[in-house]
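Everything below concerns the one structure shown next.
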Amino acid sequence: MKKISMIIIIALVLGGMKGYSFWQESLANAALTAVTSEKLKHKIELSRLKKSHAKKIAKLKRRHQKKLAKVKARERAKAKIQRTLSAMPFMGIAAFGLFEKLEYDTWKNEHPAGTFEAYTNEIAFEMNEVLQEEYQEYYESYQKFLSTYEKKHNHTNL
């Protein structure tokens, strides 16, 4: 009799099927409230961090924009120089000679004991690297040209 009365009391307390759905709905609402609360806490924390680091973020954005603008301006300047020099062949040859002379003088200041041969070797190596990385389609024909050139100079009969 005690067991039956306990079951009846538990059933009455829980409210039968309606009580079960009530508890299930309550648990679902509690879970939803907890998730919403955590999201709100996260948004508040993120907002607080943004406010506290706003100056740093703005400074980094400005620095990045300045660097990007500088790179773009430099590339536009290079393109303009190339267009100008290619439009005037004689000026292009003169400018090429002048630029090479200035580049060699700069290199010579950095390497006082260096020779012209060391300079040409270093520049040839760097050009080879750039051709490999930036101009892959031209690099293959450049290698063919070099191999043909080497074959001609290796023959003592030529």
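The values are calculated or read from the model by the stated rules, or taken from the named source; none is laboratory data. Bear in mind that the values here come from a model prediction, so they are computed numbers and not experimental data. Reconstructed Cβ throughout: ideal geometry from the backbone, glycine too, with neighbour counts over all protein chains shown. Side chains are part of the model used for accessible areas, which takes the heavy atoms of the whole protein and leaves out ligands, DNA and RNA. Shrake-Rupley method; radii C 1.70, N 1.55, O 1.52, S 1.80 Å.
Summary of computed values
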{"item": "Helices (runs of 4 or more DSSP H) contained in segment 1-101 and holding at least 2 residues open to solvent by 80 Å² or more (accessible area, probe 1.4 Å) and modelled with pLDDT of 80 or more", "result": "16-52, 54-87"}
{"item": "Output for segment 107-136, where each listed residue is surrounded by 10 or more Cβ atoms within 10 Å (Cβ to Cβ) and over 20 Å from Ser147 (Cα atoms)", "result": "Trp107, Lys108, His111, Gly114, Thr115, Phe116, Ala118, Tyr119"}
